[in-house]
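S.K.: A single structure is presented below for examination.
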Amino acid sequence: MPLNLPSLSRRRLLLSAATASALPTAWAQTKAPAWGEIEKSARGQTVYWNAWAGSEQTNTYLQWVAAEVQKAHGVKLEHVKITDTADVVKRVRAEKTAGRKDSEGTVDLVWINGENFAAMKRDGLLYGPWAEALPNFRYVDVVGKPTTRNDFSVPTDGLESPWGMAQLTLFADGKRLPKPPQSMAELLALARQQPGRISYPRLPDFTGTTFVKQALIEHVSDTAVLSKPPVEAAFAQQTAGLWQFLDALHPHLWRGGKQFPQNPAAIRQMMADGELLLALTFNPNEPANEVAAKRLPASTVAWQFAKGTIGNTHFVAIPYNARAKAGAQVVANFLLSASAQARKADIAHWGDPTVLDLARLPAAERALFPAKPLPGQVAKNAPTLPEPHAAWVEPIEKEWIKRYAS
């Protein structure tokens with residue numbers, strides 16, 4: 001699953017994302033109640049959590065969460081299985097248009113990030129701020145993982161609680177690639193040395209777009225421009241280095257850069273078969289999952305570029321009209337507990353990286369996380385580079401397709 005959750009139609013929503021951080025939100029301004037009062041109010045509530053359901057591991061994990069919060073807090077958690085978070089945004093927006101009151105909604109909690117969050121924030125569809133008042137938020141790594149407070153260049157402002165991490169990660173058989181490239185420049189050098197052995201997914205595949213955005217970050221003269229929507233008059237100049245790099249890289253790619261694999265799964269299989277040298281993922285634990293499943297050899301290594309790779313965070317948010325706001329906050333706080341984060345990070349259960357700063361946890365809770373990386377896990381995490389503003393996606397993909405896919 002791409003951790004940038006299913007999103008609204010980009011053409012319509014990127015305009016929303018471009019102004020999301022500048023427009024007012026419609027959150028409650030009353031003083032937040034004490035946590036003990038929230039826990040008391042939550043007991044007996046049913047929380048309808050609208051969450052992506054495309055993974056058996058994810059669904060099993062959510063069943064475990066439901067059992068835990070029922071047992072510990074008396075909150076009943078119902079997983080409302082969805083395929084596209086955009087549908088939830090549309091539903092909440094329709095409820096607001098219909099005049100639904102602040103406690104008459106059908107959604108209590110939603111798994112969200114990126115363009116969908118930008119749209120809900122812009123349209124005043126979120127309750128809050130509440131996230132940073134959660135007791136377990138104090139353990140979130142807001143310094144080392146700045147995307148826990150910044151969702152695709154849109155400040156979260158306490159309107160969503162971080163839940164898991166994603167970061168562009170490369171992996172390969174260490175026996176075939178003993179010296180992995182540590183930058184786009186080194187990747188180009190490797191492609192020249194090993195022509196036809198490297199590729200990336202065809203855009204608009206999410207991982208392919210992320211690869212191109214990573215190249216943009218490494219070739220733009222001023223990365224500050226990427227935190228804001230692109231200006232049409234300056235777009236050609238700001239992306240000139242990107243296209244020069246890709247023009248130099250593509251002739252050395254698989255099939256001379258004239259064709260591209262459709263998705264990361266295809267590249268992973270081609271790498272496993274020895275056709276390609278390396279593969280790409282947005283889940284740093286995916287290679288370890290593949291090793292554990294014996295689909296990749298134990299000699300598989302995973303890494304991120306030395307100066308960092310693009311990453312983002314996925315979150316949970318509470319709609320403005322949620323019926324069980326207290327229960328939703330109790331669930332979100334449990335999701336930030338060491339036990340929940342450690343189980344989610346465990347490749348035996350899911351393999352989704354934690355948002356916590358392990359150094360800040362008490363020793364007993366820190367011990368829940370493995371001390372050493374497993375085969376296929378990233379041995380040394382690189383800095384997380386923030387995503388360019390969501391409004392960069394459409395023009396980049398449009399120009400890429402024009403140049404390389406026609």
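Readers should treat all values here as calculations from the given coordinates under stated rules, not as data from a laboratory. Small disclaimer: the values here were computed from a predicted structure and weren't measured. Because the Cβ atoms are built from the backbone with ideal geometry, glycine has one as well, and the counts that use them run over all protein chains shown.
S.K.: If I take the Cα coordinates of segment 288-385 and project them onto the principal axes, what are the three extents in Å, biggest first?
M.R.: For segment 288-385, the Cα spread along each principal axis is 50, 30, 29 Å.
S.K.: If you don't mind, another one. Based on DSSP H runs of at least 4 residues, each adding -39500 (n - 2.57), what is the mean residue ellipticity at 222 nm of the chain after dividing by all its residues, to the nearest 500 deg cm²/dmol? Write out the running numbers ahead of the final one.
M.R.: On the way: 15 runs with 150 residues, N = 406.
Rounded to the nearest 500, it is -11000 deg cm²/dmol.
S.K.: Rounded to the nearest 5, what % of the DSSP beta bridges within the chain are antiparallel ones?
M.R.: Details: 22 of 35 bridges.
Expressed as a percentage, antiparallel bridges in the chain total about 65.
S.K.: Need the full-extension length gain, Glu37 to Ser227, defined as separation in residues times 0.36 nm minus the C-alpha distance. One decimal, nm.
M.R.: Working: separation 190, 0.36 × 190 = 68.40 nm, distance 3.88 nm.
Fully extending the segment from Glu37 to Ser227 adds 64.5 nm.
S.K.: Which three extents, in whole angstrom, do the alpha-carbon atoms of segment 122-215 cover along their principal axes, largest first?
M.R.: So the three principal-axis extents are 53, 30, 18 Å.
S.K.: Fully extended, how many nm does the chain gain between Arg138 and Glu78 (0.36 nm per residue separation, minus their Cα-Cα distance)?
M.R.: Extending this stretch completely gives an extra 18.9 nm.
S.K.: I'd like the distance between the alpha-carbon centres of segment 264-307 and segment 115-162, rounded to an integer number of Å.
M.R.: The two parts, judged by their Cα centres, are 31 Å apart.
S.K.: Let me ask something additional. Nearest 10 degrees is fine. How inclined is helix 240-249 to the longest principal axis of the chain, computing both from alpha carbons?
M.R.: Result, in degrees: 60.
S.K.: Out of all Cα-Cα pairs in segment 181-250, roughly what percent, to the nearest whole number, are more than 16 Å apart? Intermediate values should be presented prior to the final figure.
M.R.: On the way: 1266 of 2415 pairs.
Of the Cα pairs, 52 percent sit more than 16 Å apart.
S.K.: 5 Å is the cut-off here: which amide hydrogens, built 1.01 Å from N in the peptide plane, fall below it relative to Asn150, excluding neighbours closer than 5 in sequence?
M.R.: Thr156
S.K.: Shifting gears a bit: Quick one: longest stretch of the chain between exposed loop trypsin sites (Lys or Arg not before Pro), exposed meaning at most 15 other C-beta atoms within 10 Å and loop per DSSP?
M.R.: On the way: sites that count: Lys31, Arg43, Lys101, Lys175, Arg176, Lys258, Lys294, Arg295, Lys307, Lys380.
That gives 177-257 as the longest site-free run.
S.K.: OK, next. For the chain, with a Gaussian network of springs between Cα atoms less than 10 Å apart, report the residue from Val231, Val142, Val47 with the top mean-square fluctuation.
M.R.: Looking only at Val231, Val142, Val47, the largest GNM fluctuation is found for Val231.
S.K.: For segment 275-406, with the dipole built from +1 on Lys and Arg beta-carbon atoms and -1 on Asp and Glu ones, taken about the Cα centre, which of Trp392, Ala382, Leu361 lies farthest toward the positive end?
M.R.: Leu361
S.K.: In the chain, what is the volume of the convex hull around the alpha carbon atoms, normalised per residue and reported in Å³? Before the final figure, lay out the partial values.
M.R.: Details: hull volume 53.7 nm³, N = 406.
Dividing the Cα hull volume of the chain by its residue count gives 132 Å³.
S.K.: Report the residue, chosen from Gly208, Gly54, Gly114, that carries the largest GNM mean-square fluctuation when the chain is represented by alpha-carbon nodes joined by springs under 10 Å.
M.R.: Evaluated over the chain, the most mobile residue of the options is Gly54.
S.K.: As I understand it, the value is the acute angle between the Cα axis of helix 393-404 and the longest principal axis of the Cα atoms of the chain; what does it come to in degrees, rounded to 10?
M.R.: Long axis of 393-404 versus the principal axis of the chain: about 20 degrees.
S.K.: Something else about it: Between Lys179 and Ala265, what's the calculated FRET efficiency when r is the beta-carbon distance and R0 is 22 Å? Round to 0.05. Can you show the working numbers first?
M.R.: On the way: r = 26 Å, r/R0 = 1.18.
After rounding, the FRET efficiency stands at 0.25.
S.K.: Another one. Quick one: length gained pulling Lys372 to Ala293 fully straight, 0.36 nm per residue minus the C-alpha distance?
M.R.: Values: separation 79, 0.36 × 79 = 28.44 nm, distance 1.92 nm.
Full-extension gain reported as 26.5 nm.
S.K.: Compute the long axis of helix 85-97 from its Cα atoms, compare it with the longest principal axis of the Cα atoms of the chain, and write down the angle in degrees, 0 to 90, nearest 10.
M.R.: 40 degrees
S.K.: How large is the convex hull of the Cα atoms of segment 170-217 per residue, expressed in Å³ as a whole number? Can you show the working numbers first?
M.R.: Numbers: hull volume 4.0 nm³, N = 48.
Taking only Cα atoms, segment 170-217 has a hull volume of 83 Å³ per residue.
S.K.: Quick query: amide H of Trp52 versus all other amide H atoms, modeled in the peptide plane; which residues come in under 5 Å with a sequence gap of 5 or more or a different chain?
M.R.: Ile82, Trp111
S.K.: Give me the lysines in straight-line cross-link reach of Lys294: C-alpha distance below 27 Å, same-chain residues under 8 apart excluded.
M.R.: Lys175, Lys179, Lys344, Lys372, Lys380
S.K.: Compare Ser199, Ser161, Ser55 in a GNM of the chain, Cα atoms joined below 10 Å, and give the one with the largest fluctuation.
M.R.: Greatest mean-square fluctuation among the candidates belongs to Ser55.
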